Structure formats: structure tokens, C-alpha cells
Amino acid sequence: MSTRTRKKPPARPPAAVAGPRTGLVLTAGGARGAYQAGVLKRVSEIPRLRGRAAPFPIITGASAGAINGAALAAWHGDFSEGSEQLARLWAALKMTDVVRTDPAALARGAKDLALDMALGGLTGAGRTQALLDASPLEGFLTQHLPLDRIAGAISAGTLEAIAVTATGYHSGKAFTFVQGRPGRPLWNKSRRVALATTLTRDHIRASAAIPIVFPPVPLAAGGSTAWFGDGALRLTTPLSPAIRLGAERLFAIGVRCQESADSLLRSELSTAGDVVPELHRPPLAQICGVFMNAIFLDHLDADLDHLKRMNELVAAYQQVAQGRVQPGVSEPMRVVKSLTVSPSADIAIIAKTLAHRMPRSLRYVLDGLGTPDAQSADLTSFLLFDNAFTRELIALGYRDAAQRIDEIEAFLLED
């Protein structure tokens with residue numbers, strides 16, 4: 001009898017969740033991405049999802065959502081492990097993991113930017129591409145994101161596609177870089193282009209490169225090298241990539257508290273007879289905060305409204321057409337269900353209470369832009385890459401998902 005040890009058969013990959021294809025949509029800005037990690041961590045604790053692959057065969061991300069989406073795709077075979085790894089990554093984050101915070105680096109960026117603004121017409125060329133030096137982020141992503149595992153998840157059949165969007169600074173188009181099964185549908189529209197590729201850390205860095213704050217990143221596209229920045233800049237329809245890749249329902253995680261936005265709108269629209277605080281002249285920090293919100297936060301809400309209207313139109317169309325595709329329709333239309341989880345608290349207010357954690361030299365620059373009220377703190381909330389802040393956001397996301405966990409479970413696991 002042979003004494004050789006019989007080899008164990010290879011472990012079978014965790015089963016994928018049955019039912020309609022669910023697309024995960026992650027759009028975030030800067031440090032606010034930690035909120036999404038908290039939501040995903042709580043969702044992964046649903047008993048029926050333990051030990052299984054992530055219930056999202058299609059994942060799309062832009063800005064910080066690209067980091068979260070790539071991490072989830074890398075650990076796609078075990079949703080619990082992937083969500084735990086992502087939460088740990090955000091919980092341990094430091095400013096020095098993302099940008100150089102030494103006074104010399106910060107002073108250099110501010111000085112070069114000031115010289116460009118003052119002497120640009122004389123020198124004829126810009127000296128700087130960004131306010132901050134984000135070179136540490138490359139090493140951080142290399143250390144913590146095993147992107148080479150994505151191909152294995154695709155081969156195992158649990159992941160169909162992951163798409164990361166970045167903005168081309170030369171063309172002004174939104175480029176969606178897709179890694180997935182062969183034959184996935186791609187597109188080339190007037191403002192949106194999809195390219196098949198193998199994702200690298202440079203794709204992730206480009207998608208998360210906040211304009212003006214972080215420098216653009218060079219990427220190969222269409223046979224040449226072009227420069228790219230934050231994917232949220234031109235991704236005005238963040239749900240579109242997931243739908244075009246075949247998602248039949250969408251689970252989106254936003255990073256803006258709708259209640260606080262509605263409260264500010266009511267203040268602006270109040271009549272003279274209402275007792276409301278007088279609105280002050282907005283400082284530059286507040287204007288920058290609104291600018292960041294317009295890039296990172298507002299598109300998801302608008303696109304969800306658009307999806308709702310389109311679903312109503314499709315339902316009416318199907319009743320009339322009785323399932324027949326009409327001549328001239330380039331793509332079959334279908335109803336796409338959606339569920340969104342968004343913060344129940346104003347993230348800017350949380351950032352305001354922890355603004356002292358910002359490096360002193362950077363805090364000095366931000367303080368010079370305006371008052372430290374909650375609206376001006378919107379800008380801080382994008383840049384506060386500090387674990388005291390990110391842990392608060394993880395906890396908030398976890399609580400918000402827990403409050404709606406029955407609804408989320410029914411949505412993700414319905415047949």
C-alpha cells in the first residue's frame with residue numbers, strides 16, 4: 001500500500017448568488033469613501049451571504065468608489081473577507097498614506113500654484129498640476145489592493161465585470177475601463193467611452209485623482225498615452241456603466257445626506273415671513289465645497305431620478321409593444337430596479353468636529369479659504385484622510401445599513 005499522502009481536491013469557489021444580475025454602483029469623493037466600506041461590511045454579515053461570493057457580479061466605481069470596487073472585486077470569491085479587508089483598510093488610513101504632508105511638499109504645491117496664477121502669462125507655461133503631492137497613494141494601493149486576483153474571480157464565474165471610470169483631460173470624455181468576461185458590451189458615445197483592459201493601480205489612481213488637489217495620471221488609451229483625472233468629473237450618469245454591462249438591478253451607495261441637502265434648500269427658498277438665520281456671503285471654502293458636491297455627490301441623486309422616470313416609460317412601452325422590440329431601437333429596453341443607501345447624518349458636520357486632525361500646514365491653507373461652518377467643512381470632508389474620521393464614517397455606514405438590513409437582504413436575495 002502506498003504511503004504517499006493523497007492530495008486534497010482543490011477547494012470549490014464559493015457559490016454566486018442566484019437571481020437577477022445585481023450591479024454595485026460606488027461613486028464617492030475622497031475620504032467620504034469610508035462610508036461605503038461600513039455599508040458593505042454590514043451587508044456582508046447577512047447570514048445567507050456568509051461564505052459566499054459577493055452578490056454583485058457587476059461592479060462599477062469612480063473616484064474613491066473605484067478603490068472600494070477594486071478591493072471588492074479582488075476578494076470577490078468571499079464577500080465577508082473582502083468587506084472586512086476593505087473596512088480595515090479605511091480604518092487604518094493616515095494622511096501620509098495618500099499625500100505628502102511635510103511642510104516642504106505642501107509649501108511647494110501652494111507656491112507653484114500661486115506663481116502660475118500670478119506669472120503664468122509671463123512664463124508661458126504652468127509649473128504645477130496639483131496642489132498636493134499624491135505619490136504615497138501609489139505605494140499604498142500596491143500594498144493593499146491585490147488587483148491580480150480579479151482575473152481569478154472572473155475565471156471562477158462569480159464576477160462578470162468590474163468597471164472603473166476616469167476623465168480624460170484632453171478629450172473631456174468619461175473613459176470607463178472594463179475588466180471582465182470576453183464579449184462584454186462596450187460603448188463609444190459622444191461623451192462616454194468604454195475600453196476593455198486589465199486594471200492596474202494607475203487606473204485606480206486616475207479615477208481617484210481629485211481635480212486641482214491631486215495631479216493627473218497617465219494611462220494608455222486607444223493606442224496612445226493620455227492624462228486622466230477623477231472619474232466623477234464627467235460621469236454625469238453614474239448608473240449607466242452598470243446598466244450597459246448587463247445589470248438587471250442596482251445597489252448604489254451614496255455619500256451625501258439627503259436630509260441636510262434638503263434643509264439647506266429650504267433655507268435658501270424661505271420666504272421673508274419665516275424665522276431663519278440670515279444667509280451670509282459664501283466664503284471660498286464654501287464655494288469649493290459646492291463645487292466638490294457638484295462633481296462627486298449630486299450626479300447619483302439626479303441619475304436615480306432619471307432611472308425612475310425611465311422605468312415608468314419602459315413599463316408603459318412594454319404594455320404597448322407587448323415585448324416586441326420596435327424598429328429603430330438600438331438596445332432592448334428593460335426595467336431596472338434600484339436600492340440606494342445614503343448617510344443619515346451630515347458628513348460635513350463630522351468632518352468639522354475632526355478638522356484639527358488635518359496636518360497643520362494644510363489646515364492653514366483651508367482656514368484661509370473661509371469660515372469653519374458645516375457648509376465650508378464640505379471641502380474638508382473630501383480631504384480628511386485620517387482614521388479618526390474614516391472610522392466615524394465606517395460606523396455610520398454600518399448603522400445605516402443595519403437599520404435597513406431586512407430591505408437590503410430582500411432586494412439582494414430575491415429570485
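Every read-out reported here was derived from the displayed coordinates using simple, explicitly stated rules and does not represent laboratory data. Because the structure is predicted, anything quoted here is derived from the model rather than measured. Neighbour counts are summed over all protein chains in view; Cβ atoms, including those assigned to glycine, are modelled from backbone coordinates with ideal geometry.
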- Query: Normalised by the number of residues in segment 153-227, what is the relative contact order in percent for Cα pairs under 8 Å and 6+ residues apart?
  - Reply: 25
- Query: How do 396, 379, 413 line up, fewest other C-beta atoms within 10 Å first?
  - Reply: 413, 396, 379
- Footprinting proxy, 381, 63, 135: sorted fewest to most Cβ within 10 Å, the residues are 135, 381, 63
- Task: In whole Hz, with x marking every Gly and Pro, tabulate ³J(HN,Hα) for segment 64-73 from phi via Karplus 6.51 cos²θ - 1.76 cosθ + 1.60, θ = phi - 60°.
- Result: 5, x, 5, 5, 5, x, 5, 5, 5, 5
- Task: Once you have the Cα-Cα distance between residue 48 and residue 339, take 0.36 nm times their residue separation minus that, and quote the gain in nm to one decimal.
- Result: 102.9 nm
- Hey, got a sec? Which chymotrypsin sites (Phe, Trp or Tyr not before Pro) in segment 135-199 land in a DSSP loop and have at most 15 other Cβ atoms within 10 Å? 187
- Message: Apply the Karplus curve 6.51 cos²θ - 1.76 cosθ + 1.60, θ = phi - 60°, to the phi angles in segment 184-200 and return the couplings in whole Hz, x for Gly and Pro.
- Response: 5, x, 10, 8, 9, 9, 5, 10, 9, 10, 10, 10, 6, 7, 9, 5, 10
